[in-house]
1. Of the conditions (1) assigned to a loop (DSSP other than H, G, I, E, B); (2) at pLDDT 95 or above, Lys37 satisfies every one except a single condition; which number is it?
2. Can you pull out the residues in the range 29-70 that are free of Cβ contacts under 8 Å to residues at least 60 places away in the same chain, closer than 23 Å to Leu19 by Cβ and not aliphatic (A, V, I, L, M)?
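The values are calculated or read from the model by the stated rules, or taken from the named source; none is laboratory data. Since the structure is predicted, the reported quantities are computational estimates derived from the model, not experimental observations. Because the Cβ atoms are built from the backbone with ideal geometry, glycine has one as well, and the counts that use them run over all protein chains shown.
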Amino acid sequence: MTVLLDPTSERSPTIRPRLPRPQSLDGLTIGILDIAKSRGDVFLHRLGERLGERGIAVKYYAKPTNTRPAPLPLRQQIATEVDLVIEGLSD
């Protein structure tokens, strides 16, 4: 069991099981979410290029600011368009 701490409300952590990892990335679409941290986009775009070189489909998304959670419409869009998401921090 994994405990996830939500930075907006750590008083009551959410406990949920981890989702199973895919056996392979072949045939999946990977979402790359830039959370608007300085130079995070550089790393994430390079990662996306490397995945693309392996024939893996990649879609890019960006939060409008790093100070707030991704807006609900963006989260819904990501959830309907990709199989898994890579998000990067850069502090």
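1. Answer for Lys37: the failing condition is (2).
2. First, pick out the residues of the range 29-70 that are free of Cβ contacts under 8 Å to residues at least 60 places away in the same chain: 29-68, 70.
Next cut, closer than 23 Å to Leu19 by Cβ only: 29-35, 44, 47-48, 51, 54, 56-61, 63, 70.
Answer for the range 29-70, where residues must be free of Cβ contacts under 8 Å to residues at least 60 places away in the same chain, closer than 23 Å to Leu19 by Cβ and not aliphatic (A, V, I, L, M): Thr29, Gly31, Asp34, Gly48, Arg54, Lys59, Tyr60, Tyr61, Lys63.
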